[in-house]
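Only one structure is covered here, and it is reproduced in the block below.
Readers should treat all values here as calculations from the given coordinates under stated rules, not as data from a laboratory. From a predicted model like this one, the values you see are computed outputs, not experimental measurements. Cβ placement follows ideal geometry from the backbone for every residue including glycine, while neighbour counts extend to all protein chains displayed.
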């Protein structure tokens, strides 16, 4: 894994609403726009092979090009090219970062000067959540999945380690981009689980109210 001293001061960033990458997790991406094909080509030429995933700022008062200040960098660990020149890639989460400023240049994609300070534990050992009440959490998930008409491998989910369970759900569930940003910025796994539970409970309340109105 890339160590803190090897992380570059400037990285390419991929603004993609709703796409969340967390440390040690994997994010598949389909790259086809010319500017992001150029970004991928340039990233593959660097020793770190990093791409920064960042949410565009969609809150009132933000201008269209503004980015959230915190994103997450992933290392390109898999890629394959299609016959028509597109790429299927996988990013493995390395560390979150804080954007210092955007770097002007001649690349068709955006680049930012970033700071890795404050996110050192992202590159450490897998996190555990001592406060996780797994039976209650799984029951809540079951209600949410029924509401959304979703299905999953419940046995695998029940056996998953705390970090894999919570981070995978944070990445894959269909929450609003600003909610995804809150999950990204959670300072630890327990806080991310608490945020996730709040979002699920809010969705469940909305679903129940809708059923009452019908």
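Remarks
- The range 58-133: C-alpha gyration tensor shape, a/c 1.5 cut-off, then a/b vs b/c: oblate
- In this calculation the C-beta distance from residue 194 to residue 46 is compared with R0 = 41 Å, giving a FRET efficiency of 0.65.
- Expected 222 nm ellipticity per residue - DSSP helices of 4 or more, -39500 (n - 2.57), all of the chain, to 500: -11500 deg cm²/dmol
- Neighbour-count ranking [beta-carbon atoms within 10 angstrom, fewest first] of 45, 121, 180: 45, 121, 180
- Fewest-first ranking of 200, 70, using other Cβ atoms within 10 Å as the exposure measure: 70, 200
- For the pair residue 80 and residue 32 in one chain, pulling the backbone fully straight at 0.36 nm per residue adds 16.1 nm over the alpha carbon distance.
- Enclosed volume per residue, in Å³, of the convex hull spanned by Cα atoms of the range 113-181: 130 Å³
- Residue-span extension gain [residue 153 to residue 6] - 0.36 nm each, minus C-alpha spacing: 49.2 nm
- Degrees between helix 189-213 axis and first principal axis of the chain (Cα, 0 to 90, nearest 10): 60 degrees
- Legend: calculated FRET efficiency, residue 98 to residue 201, from the Cβ-Cβ distance at R0 = 25 Å, rounded to 0.05, equals 0.25.
- Folded to 0 to 90 degrees: helix 162-172 orientation relative to the chain principal axis, Cα: 80 degrees
- Alpha carbon Rg of the chain, scaled by the compact-globule rule 2.2 N^0.38 Å: 1.08
- Along principal axes, Cα extents of the range 134-213, largest first, whole Å: 38, 30, 19
- The range 4-122 - convex hull of the alpha-carbon atoms, volume per residue in Å³: 110 Å³
- Rounded to 10°, Cα long-axis angle of helix 134-148 versus longest principal axis of the chain: 80 degrees
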